[in-house]
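Comments concern the structure below.
The values are calculated or read from the model by the stated rules, or taken from the named source; none is laboratory data. The shown structure was predicted, so the numbers you read here are calculated from the model rather than taken from an experiment. Cβ atoms come from the backbone with ideal geometry, glycine included; neighbour counts cover every protein chain shown.
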(Lines give C-alpha, C1' and ligand atoms only; values in the text may rest on other atoms or scores of the structure.)
Protein backbone atom coordinates (compact mmCIF):
# COMPACT_ATOMS: atom_id res chain seq x y z
CA UNK A 1 0.00 0.00 0.00
CA UNK A 2 2.79 2.40 0.86
CA UNK A 3 4.47 1.83 -2.53
CA UNK A 4 1.24 2.39 -4.39
CA UNK A 5 0.65 5.65 -2.50
CA UNK A 6 4.12 6.94 -3.38
CA UNK A 7 3.59 6.03 -7.07
CA UNK A 8 0.31 7.93 -7.16
CA UNK A 9 1.90 10.99 -5.61
CA UNK A 10 4.70 10.92 -8.25
CA UNK A 11 2.23 10.69 -11.13
CA UNK A 12 0.25 13.65 -9.81
CA UNK A 13 3.48 15.69 -9.47
CA UNK A 14 4.48 15.00 -13.11
CA UNK A 15 1.00 15.92 -14.37
CA UNK A 16 1.09 19.16 -12.35
CA UNK A 17 4.51 20.07 -13.74
CA UNK A 18 3.27 19.49 -17.32
CA UNK A 19 0.31 21.78 -16.71
CA UNK A 20 2.63 24.58 -15.53
CA UNK A 21 4.86 24.53 -18.66
CA UNK A 22 4.36 27.74 -20.69
CA UNK A 23 3.35 27.26 -24.33
CA UNK A 24 6.03 27.88 -26.97
CA UNK A 25 5.35 31.18 -28.80
CA UNK A 26 4.69 30.89 -32.50
CA UNK A 27 5.71 33.45 -35.14
CA UNK A 28 2.94 35.59 -36.61
CA UNK A 29 2.95 36.72 -40.24
CA UNK A 30 2.06 40.38 -39.98
CA UNK A 31 1.12 40.45 -43.63
CA UNK A 32 -1.82 38.18 -42.87
CA UNK A 33 -3.09 40.54 -40.16
CA UNK A 34 -5.77 43.12 -41.01
CA UNK A 35 -4.62 46.76 -41.25
CA UNK A 36 -5.12 48.81 -38.15
CA UNK A 37 -7.44 51.79 -38.07
CA UNK A 38 -4.40 54.10 -37.81
CA UNK A 39 -2.81 52.56 -40.94
CA UNK A 40 -6.02 53.07 -42.89
CA UNK A 41 -6.49 56.69 -41.78
CA UNK A 42 -2.83 57.86 -42.05
CA UNK A 43 -1.22 57.14 -45.45
CA UNK A 44 2.48 56.48 -45.73
CA UNK A 45 4.95 59.10 -46.90
CA UNK A 46 5.36 57.35 -50.26
CA UNK A 47 1.59 57.60 -50.85
CA UNK A 48 1.49 61.39 -50.24
CA UNK A 49 4.67 62.39 -52.10
CA UNK A 50 3.96 64.44 -55.24
CA UNK A 51 5.90 63.81 -58.43
CA UNK A 52 6.15 67.39 -59.71
CA UNK A 53 7.68 66.29 -63.01
CA UNK A 54 5.03 63.68 -63.78
CA UNK A 55 3.40 65.78 -66.53
CA UNK A 56 6.76 66.20 -68.27
CA UNK A 57 7.99 62.60 -68.22
CA UNK A 58 5.68 61.29 -70.92
CA UNK A 59 5.78 64.48 -72.98
CA UNK A 60 3.20 67.25 -73.02
CA UNK A 61 2.44 70.79 -74.12
CA UNK A 62 3.28 73.88 -72.09
CA UNK A 63 3.15 77.65 -72.35
CA UNK A 64 5.33 80.24 -70.63
CA UNK A 65 5.78 83.99 -70.29
CA UNK A 66 8.48 86.20 -68.81
CA UNK A 67 9.25 89.88 -68.30
CA UNK A 68 12.66 91.40 -67.75
CA UNK A 69 14.93 94.39 -68.04
CA UNK A 70 17.96 94.89 -70.25
CA UNK A 71 20.84 96.18 -68.13
CA UNK A 72 22.67 98.18 -70.79
CA UNK A 73 19.62 100.01 -72.19
CA UNK A 74 17.38 99.93 -69.08
CA UNK A 75 14.52 98.92 -71.34
CA UNK A 76 11.89 96.31 -70.48
CA UNK A 77 11.33 93.20 -72.60
CA UNK A 78 8.99 90.22 -72.61
CA UNK A 79 8.90 86.70 -74.02
CA UNK A 80 6.06 84.29 -74.83
CA UNK A 81 6.54 80.60 -75.61
CA UNK A 82 4.47 77.62 -76.69
CA UNK A 83 6.30 74.32 -76.50
CA UNK A 84 6.42 70.60 -75.88
CA UNK A 85 8.20 68.63 -73.13
CA UNK A 86 10.25 65.84 -74.71
CA UNK A 87 10.79 64.39 -71.20
CA UNK A 88 11.37 65.73 -67.69
CA UNK A 89 14.66 67.32 -68.79
CA UNK A 90 14.27 68.57 -72.36
CA UNK A 91 11.81 70.79 -74.20
CA UNK A 92 11.33 72.50 -77.56
CA UNK A 93 9.33 75.69 -78.06
CA UNK A 94 8.32 78.46 -80.43
CA UNK A 95 9.41 81.74 -78.83
CA UNK A 96 8.38 85.37 -79.28
CA UNK A 97 10.55 88.17 -77.83
CA UNK A 98 9.95 91.92 -78.05
CA UNK A 99 11.86 94.94 -76.72
CA UNK A 100 13.20 98.31 -77.86
CA UNK A 101 16.44 100.27 -77.89
CA UNK A 102 16.85 104.06 -77.97
CA UNK A 103 19.69 106.51 -78.39
CA UNK A 104 20.18 110.26 -78.58
CA UNK A 105 22.88 112.89 -78.49
CA UNK A 106 20.79 115.99 -77.79
CA UNK A 107 20.18 116.69 -81.46
CA UNK A 108 19.70 113.31 -83.16
CA UNK A 109 17.34 110.69 -81.68
CA UNK A 110 16.68 107.13 -82.69
CA UNK A 111 14.34 104.37 -81.58
CA UNK A 112 14.18 100.75 -82.67
CA UNK A 113 11.68 98.00 -81.81
CA UNK A 114 12.77 94.38 -82.17
CA UNK A 115 10.25 91.54 -82.47
CA UNK A 116 11.88 88.13 -82.65
CA UNK A 117 10.42 84.77 -83.70
CA UNK A 118 12.45 81.62 -83.23
CA UNK A 119 12.80 78.03 -82.17
CA UNK A 120 14.04 77.40 -78.62
CA UNK A 121 15.58 74.45 -76.79
CA UNK A 122 15.88 74.11 -73.00
CA UNK A 123 17.49 71.53 -70.71
CA UNK A 124 16.47 71.19 -67.05
CA UNK A 125 18.45 69.50 -64.29
CA UNK A 126 16.72 68.61 -61.01
CA UNK A 127 18.32 69.76 -57.77
CA UNK A 128 15.45 68.53 -55.58
CA UNK A 129 11.81 67.51 -55.90
CA UNK A 130 10.73 71.10 -56.60
CA UNK A 131 13.91 72.92 -57.70
CA UNK A 132 15.57 72.80 -61.14
CA UNK A 133 18.34 74.63 -62.91
CA UNK A 134 18.02 75.23 -66.63
CA UNK A 135 19.90 76.43 -69.63
CA UNK A 136 19.02 76.83 -73.27
CA UNK A 137 18.77 79.13 -76.23
CA UNK A 138 16.88 80.11 -79.36
CA UNK A 139 17.59 81.09 -82.96
CA UNK A 140 15.42 82.88 -85.50
CA UNK A 141 14.54 86.10 -87.28
CA UNK A 142 14.07 89.61 -85.88
CA UNK A 143 11.68 92.14 -87.39
CA UNK A 144 13.01 95.67 -86.86
CA UNK A 145 11.00 98.89 -86.78
CA UNK A 146 13.19 101.98 -86.64
CA UNK A 147 12.63 105.71 -86.39
CA UNK A 148 15.00 108.68 -86.51
CA UNK A 149 14.39 112.33 -85.66
CA UNK A 150 16.41 115.50 -85.71
CA UNK A 151 15.23 117.96 -83.04
CA UNK A 152 16.10 121.53 -82.18
CA UNK A 153 14.62 123.02 -79.02
CA UNK A 154 11.96 120.31 -78.95
CA UNK A 155 11.01 121.08 -82.55
CA UNK A 156 11.19 118.12 -84.94
CA UNK A 157 13.18 119.13 -88.01
CA UNK A 158 13.43 115.71 -89.65
CA UNK A 159 11.56 112.45 -89.04
CA UNK A 160 12.18 109.13 -90.79
CA UNK A 161 10.68 105.68 -90.26
CA UNK A 162 11.70 102.34 -91.71
CA UNK A 163 11.91 98.62 -91.13
CA UNK A 164 14.23 95.71 -91.76
CA UNK A 165 14.76 92.00 -91.07
CA UNK A 166 17.75 90.40 -89.39
CA UNK A 167 18.79 87.25 -87.54
CA UNK A 168 19.07 86.82 -83.79
CA UNK A 169 20.27 84.28 -81.25
CA UNK A 170 19.90 84.19 -77.48
CA UNK A 171 20.95 82.08 -74.51
CA UNK A 172 19.29 81.69 -71.12
CA UNK A 173 20.26 80.23 -67.76
CA UNK A 174 18.38 80.26 -64.47
CA UNK A 175 16.59 78.44 -61.70
CA UNK A 176 13.04 77.06 -61.74
CA UNK A 177 10.73 76.44 -58.77
CA UNK A 178 7.91 73.91 -59.18
CA UNK A 179 4.77 75.23 -57.47
CA UNK A 180 2.42 72.42 -58.51
CA UNK A 181 2.55 69.74 -61.19
CA UNK A 182 1.17 72.35 -63.61
CA UNK A 183 2.65 75.66 -62.48
CA UNK A 184 6.29 76.70 -62.17
CA UNK A 185 8.12 80.01 -61.67
CA UNK A 186 11.62 80.90 -62.84
CA UNK A 187 14.30 83.52 -62.35
CA UNK A 188 16.90 83.74 -65.07
CA UNK A 189 19.33 85.73 -67.21
CA UNK A 190 19.18 86.22 -70.98
CA UNK A 191 21.95 87.10 -73.44
CA UNK A 192 20.54 88.37 -76.75
CA UNK A 193 22.54 88.87 -79.95
CA UNK A 194 21.20 90.79 -82.97
CA UNK A 195 23.01 90.44 -86.27
CA UNK A 196 24.28 93.51 -88.14
CA UNK A 197 21.55 95.25 -90.15
CA UNK A 198 20.43 98.52 -91.71
CA UNK A 199 17.04 100.19 -91.50
CA UNK A 200 15.98 102.28 -94.47
CA UNK A 201 13.25 104.81 -95.04
CA UNK A 202 12.77 104.81 -98.79
CA UNK A 203 16.29 105.09 -100.13
CA UNK A 204 17.67 106.71 -96.98
CA UNK A 205 19.54 104.63 -94.40
CA UNK A 206 18.62 105.61 -90.85
CA UNK A 207 21.55 106.50 -88.58
CA UNK A 208 22.03 103.82 -85.93
CA UNK A 209 23.77 103.80 -82.58
CA UNK A 210 22.29 100.55 -81.29
CA UNK A 211 23.83 97.57 -79.56
CA UNK A 212 24.31 94.14 -81.09
CA UNK A 213 24.43 92.38 -77.72
CA UNK A 214 21.94 92.79 -74.86
CA UNK A 215 21.98 91.29 -71.38
CA UNK A 216 18.90 91.09 -69.14
CA UNK A 217 17.41 89.66 -65.95
CA UNK A 218 13.91 88.14 -66.11
CA UNK A 219 11.14 86.59 -64.05
CA UNK A 220 8.66 84.16 -65.59
CA UNK A 221 5.97 81.54 -65.12
CA UNK A 222 5.03 78.41 -67.07
CA UNK A 223 2.03 76.10 -67.22
CA UNK A 224 2.19 72.44 -68.27
CA UNK A 225 -0.98 70.85 -69.67
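Taking residues in the stretch 165-188 that are touching a residue at least 40 places away in the same chain (Cβ under 8 Å), and partners anywhere that are crowded, with 17+ Cβ neighbours inside 10 Å and not in a strand (DSSP E or B), the pairs with Cβ atoms closer than 6 Å and at least 6 places apart or on different chains are 178/52; 181/52; 181/55. Under the condition of being without any contact (Cβ under 8 Å) to a residue 40 or more places away in the chain and over 23 Å from residue 139 (Cβ atoms), the residues counted in the stretch 203-225 number 2. Against the numbered list (1) in contact (Cβ under 8 Å) with a residue 12 or more places away in the chain; (2) closer than 18 Å to residue 103 by Cβ, residue 157 comes up short only at (1).
Okay, residues lined up against (1) surrounded by 13 or more Cβ atoms within 10 Å (Cβ to Cβ); (2) within 29 Å of residue 59 (Cα to Cα):
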{"site": "133", "(1), (2)": "yes, yes"}
{"site": "143", "(1), (2)": "yes, no"}
{"site": "175", "(1), (2)": "yes, yes"}
{"site": "178", "(1), (2)": "yes, yes"}
{"site": "182", "(1), (2)": "yes, yes"}
{"site": "196", "(1), (2)": "no, no"}
{"site": "200", "(1), (2)": "yes, no"}
{"site": "219", "(1), (2)": "yes, yes"}
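Pairing each residue of the stretch 43-65 that is part of a helix (DSSP H, G or I) with any residue that is at pLDDT below 85, provided the two are 6+ apart or on different chains, yields C-beta distances under 9 Å for 57/51. Within the stretch 147-204, being at pLDDT below 90 and not in a strand (DSSP E or B) holds for 153, 154, 196, 197, 198, 199, 202, 203.
Of all residues in the stretch 121-131, which are closer than 20 Å to residue 50 by Cβ and crowded, with 16+ Cβ neighbours inside 10 Å?
If we filter the stretch 121-131 for residues that are closer than 20 Å to residue 50 by Cβ, which is where we start, we get 124-131.
The answer is 124, and nothing else.
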